[in-house]
Every structure is written in C-alpha cells, then in structure tokens.
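The values are calculated or read from the model by the stated rules, or taken from the named source; none is laboratory data. As the structure is a prediction and not an experimental result, all values here were calculated from the model. For neighbour counting, all protein chains shown are included, and Cβ atoms are generated from backbone atoms with ideal geometry for every residue, glycine included. These area figures cover heavy atoms from the full protein model, side chains too; ligands, DNA and RNA do not enter into them. Shrake-Rupley method; radii C 1.70, N 1.55, O 1.52, S 1.80 Å.
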Amino acid sequence: MSQPPDVAAIRDLFSDTARHQSWLEVEAALAATQAELGMIPESAAERIAACARLDALDMAAYAERAATNHAPVLALVETLAEACGPEAGAYVHWGGTTQNIIQTARIRQMHTAHRALLQRLGRVFAGLGEMADTGADMLIAGRSNRRQGLPVTFGFKVAAWIEEMLRHEQRLREAEPRVFVAQFGGAIGAMHAFGEHGPALNEAIATRLGLGWMRVPSRAALDHIAEYIQLLALLATTASKIANEFYVLMTDEIAEVLENLDGAVGSSTMPQKVNSKIGVRVIALATQLRGQAATLLDAMQPSHEGDAATNITMYAVIDRAVPLAYELITLFEQLVASIELDPARMRHNVEASGGLIAAENAMMTLAATIGRQAAHDLVHRCAARARDADTDFATALCNDPELPAEVDIDALRAALDPAQYTGQSTPMARWAVCAAAEASRRLG
C-alpha cells in the first residue's frame, strides 16, 4: 500500500501560493484549449503556458495591483499578460470571468485532496479489518441505551463500522462525476464571449484539466460543492461516533479498550491517568467539520446568476473543510492503530451480569414449552428478583416456583452461557474482514 500525503501537504494545496499557481494553470489550460479551437493564435497559447508560473511573474507588481483593484484574479491576469508581452498578453483570460478561474481551480484542488482522502480511507479499512479479525470471537457485552443487552463479539461491533465506512466510500465515489466539474460559461454562464465555440470549449477545457463539465455552467449552481462538503461531514461523523465509542469503552468502569500511545502523559496533575489523545481530537474536528457543512448550505443560495458574497463564503469553507477532513481521517487511522483490546475485561463485564445478558436466550428456550409471552413475563420477574436479592440470575430462574416441571433445567442453565449466544456475530465479523481487505486493496 503506497504512502498517502501527510496533512501538511493537503493544507498546502489550499495555501495562497498554491491557489495562485492553480489560477495560472487554469489560465494556461484556457489558452491552450482556445488555440486548439482556433479562437486564439497557437503562439499566444504557448507563450501564456510558458509564463503561467509564479516564478515567471512579478509578484510584487501583482500584490500592488491586487491591493489597488481588490480583484485578485484580474490582478494576476494583468501580471501574466505583462509577462507574456503585448502580442500574446492580449489573449490572456480570453472571454473568461473570475469565477470560472477560481471555482475551477478550487475544484481541481479538491479533486487532488479527494484522491488522497480515498487512499487514506483504504488504510482505515486495513486497520478496521485487522481489528475485526482479532475480535471476531472476542466476547463482549452488546449494549443499547447504554446498558447491557445481549452478548456479541467485538468483531461484530467493528463489522458494523466497516459496512458503514463502505457506504461512505460508495457515496464519495458516486458523487465524483457530479462534484468534480469545471465551471466555464463566461461572465454569466451562457458563454456569451465564447460564441459558437462555447460548448466545445466548456467540454474540452474540463477534459484537459481532468474534470467533468456542466451542460449549463451556471455560476449560481453550487449544490455539487455543498454535496461534497456534506459527504465529508457524514464521513467525519461516523469516525467521530467510533472515536466516541472507544472513548466510552476506555472509562475505568468499563476498561475494555485502551488508546495506547508510548510515552503519552494523561494529565499534568494526575499522573495515574491514561487519557485519550487522538480520539478526542477526532471528535473535536468532526464537530468543526459539521459546522462548515452547515455554513455551505447557506452559501449555495446565490442571487440571480452569480453572487460574490456566497462565493466568498463557499471558497472559505472549501479551504477550511477539505484539509480538515483529511486531517480527521488521518487521525482516525492513527486512532484505530493505537487501540488495544482487553478481552479479559470484556468477559469480566459480561459475566458481571450474573447471566442476565443471556436472558433472551432463556426466554426463547422456555417459550418452546410455555409460549413466548408467558416466558417473557417469567424471565422478567426472575430478573427483577435477582437484582433485588443480589443473587445470580440462573439461581433465581431455575428455582422459581412457577417454573413448569417439564422444563429441562440443564438446557435452561446452558441457555444462560453468554459465549454460546452471540448470534451471527462471528460470521458477520469474518465477512467484514474480507470486505475491508478488498476495500483496502481497491483504495490503496
């Protein structure tokens, strides 16, 4: 499995320097495509491409222009045109508009980050698959409403996480042709300045940049960007849910897992503590990312055919949310790798119920003789009596005076063995191990 980029590299994608260079690359692609269509001279496109580098431009002049005209793309266009000379410079930004350049460049940056995110997700699948394999037969209390419900295996718990992550992968993949599209319709979106070449230019420049295209490249259509940030927020929320699960299972009273980081200090004043370091960051980043997603829902409502106010919000969210999502999934990969399981503690917690955790199995065993509802009522009364008398459930049930004589006591006691009542936990875990391995290969 190849190594995905680090978090700093993804952040750098959205830096001022990378942003300006991406604008220049889109300008160069615009010129090259227009030359192919006979809209501008080929020599002009070649000269524009040669100069479309930050190190070929007078960036001090650019900064001065941008500070004066408050139009950074126009300032860069003027600086590029100056570097190209009067002949080729006259064809820079031929018929384009600011949003064509900025939005298309941002989409390219998002696409690069997206590929890295999927690669990182492949490593998450590898870690979860290993955890599911380790825990496939590991007995643990299945809990609902924060109380013990039925015995399962830890692998079953992880299997559910794996399938949920598979759905996230599917959503991200299915959204790709909708999200990663160029925006090249000119000043309003109807291709006025491009004339009859507009549709061909729209498609060809997108293809050149490795993107899809909109049939109607409206500047007011921002739903696809909002969709992508929502998908990142969904992925982050699942990661946060799992991190929260580990966070709870780490509590001293449960102590079924441990986030083990060599050398980590839990507290500045309580030296005995081993606090979560990675999981809490995953939870916090997911909260921030959901806030960004909500902001973009407001930004996807521009007025008429374009609106700078919503664009400013949209770009700010992209620049924040996409690197944030990558940081979160990177931390989540580290979290999964750091988790140590304590099967002895898991079994201890199961056995602490005194057999109550397998009460459903006792009920179903009795149901074959006395009917389901009567069995439910009997088991419920015995469970309450066991709690009140602080005795084990098996004793309370098997000695109940209302228990019919024909009930097989040995079978009833056997039904209360939690290790024999884990349902399809292990087969589900084994399926998830294979599914995670396949996803890891697919994404790695």
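Dipole size in debye (nearest 20) for the stretch 330-444 around its Cα centre, Lys and Arg Cβ +1, Asp and Glu Cβ -1? The partial results should precede the final answer.
Values: 10 positive and 16 negative charges, 103 e Å.
Its charge dipole is roughly 500 debye.
Could you order 348, 93, 224 so the one with the most accessible surface comes first? Probe is 1.4 Å.
On the way: 348 100, 93 40, 224 5 Å².
Descending order: 348, 93, 224.
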For residue 398, the accessible surface traced by a 1.4 Å probe with all protein chains present amounts, in square angstrom to the nearest 10, to 20 Å²
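How big is the charge dipole of the chain about its Cα centre, in debye rounded to the nearest 20, if each Lys and Arg gets +1 on its Cβ and each Asp and Glu gets -1 on its Cβ? Show your work: numbers first, answer last.
On the way: 37 positive and 53 negative charges, 47 e Å.
About 220 debye.
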Note on the chain: contact order normalised by length, alpha-carbon pairs under 8 Å, 6 or more apart, percent, works out to 20 percent
For the stretch 238-307, the dipole about the Cα centre with charges only on Cβ (Lys and Arg +1, Asp and Glu -1), to the nearest 20 debye, works out at 180 debye
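If each residue of separation counts as 0.36 nm, what is the full-extension length gain between residue 381 and residue 409 once their alpha-carbon separation is subtracted? Working shown, then result.
On the way: separation 28, 0.36 × 28 = 10.08 nm, distance 1.76 nm.
Extra length available between residue 381 and residue 409 comes to 8.3 nm.
What ranking of 176, 78, 27, 196 comes out by heavy-atom accessible area, probe 1.4 Å, highest first? Let's see the in-between values first.
Details: 176 50, 78 70, 27 10, 196 165 Å².
Of 176, 78, 27, 196, the descending order of accessible area is 196, 78, 176, 27.
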Relative to the chain, whose Cα atoms define the longest principal axis, helix 59-69 and its Cα axis are tilted in degrees, nearest 10, by 90 degrees
Rounded to the nearest 10 degrees, the helix 154-179 long axis (Cα) sits at an angle to the longest Cα principal axis of the chain of 20 degrees
Of 228, 326, 91, the most mobile residue in a GNM of the chain (C-alpha springs, cutoff 10 Å) is 91
Once all protein chains are kept in place, residue 157 shows an accessible area at probe 1.4 Å, nearest 10 Å², of 40 Å²
Note: residue 146 to residue 260 extended length (0.36 nm per residue) minus current alpha-carbon separation gives 38.6 nm
In whole angstrom, the spacing between the Cα centers of the stretch 15-86 and the stretch 271-330 equals 30 Å
Rounded to one decimal in nm, the spacing of the 7 Å Cα→Cβ label points at residue 344 and residue 277 is 2.5 nm
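So which trypsin sites (Lys or Arg not before Pro) in the stretch 199-259 are both in a DSSP loop and have at most 16 other Cβ atoms within 10 Å of their Cβ? Let's see the in-between values first.
Working: sites: 208, 215, 219, 241; in loops: 215, 219.
Counting only loop positions with at most 16 other Cβ atoms within 10 Å, the trypsin sites (Lys or Arg not before Pro) in the stretch 199-259 are 215.
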GNM of the chain, Cα pairs under 10 angstrom: of 40, 205, 370, the biggest fluctuation goes to 370
In degrees, nearest 10, the alpha-carbon axis of helix 72-89 is tilted away from the dominant principal axis of the alpha carbons of the chain by 40 degrees
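Quote the FRET efficiency, to the nearest 0.05, computed for residue 368 versus residue 270 with a Förster distance R0 of 45 Å and r equal to the Cβ-Cβ distance. The partial results should precede the final answer.
Numbers: r = 53 Å, r/R0 = 1.19.
Taking R0 as 45 Å, the efficiency between residue 368 and residue 270 is 0.25.
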Candidates for semi-axes √(5λ) of the Cα gyration tensor in Å are [x] 34, 26, 22; [y] 43, 38, 19; [z] 61, 22, 18, and the calculated one carries label [z]
The farthest towards the positive end of the charge dipole of the stretch 288-358, of the residues 302, 292, 350, given +1 on Cβ of Lys and Arg and -1 on Cβ of Asp and Glu, is 350
Between residue 351 and residue 71, the two model label points (7 Å from Cα along the beta-carbon direction) sit apart by a distance in nm of 7.8 nm
Reported to the nearest 10 Å², residue 413 has, with a 1.4 Å probe, an accessible area equal to 110 Å²
Placing each pseudo-label 7 Å from Cα in the direction of the beta carbon, residue 442 and residue 134 end up separated by a distance in nanometres of 2.5 nm
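Going by accessible area, probe 1.4 Å, with all protein chains left in place, what is the ranking of 54, 412, largest first?
Highest to lowest solvent-accessible surface, that is 54, 412.
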With 0.36 nm assigned to each residue of separation and the Cα-Cα distance removed, residue 389 to residue 248 gains 47.8 nm
Farthest towards the positive end of the dipole of the stretch 122-263, among 158, 220, 238 and with Cβ unit charges of +1 on Lys and Arg and -1 on Asp and Glu, lies the Cα of 220
So the carbon and sulfur contribution to the accessible area of the stretch 172-324, 1.4 Å probe, in percent, is 56 percent
Most fluctuating of 288, 272, 109 in the GNM of the chain (C-alpha, under 10 Å) is 272
When the charge dipole of the chain is computed with +1 on Lys and Arg Cβ and -1 on Asp and Glu Cβ about the Cα centre, the Cα farthest towards its positive end, among 338, 398, 128, belongs to 398
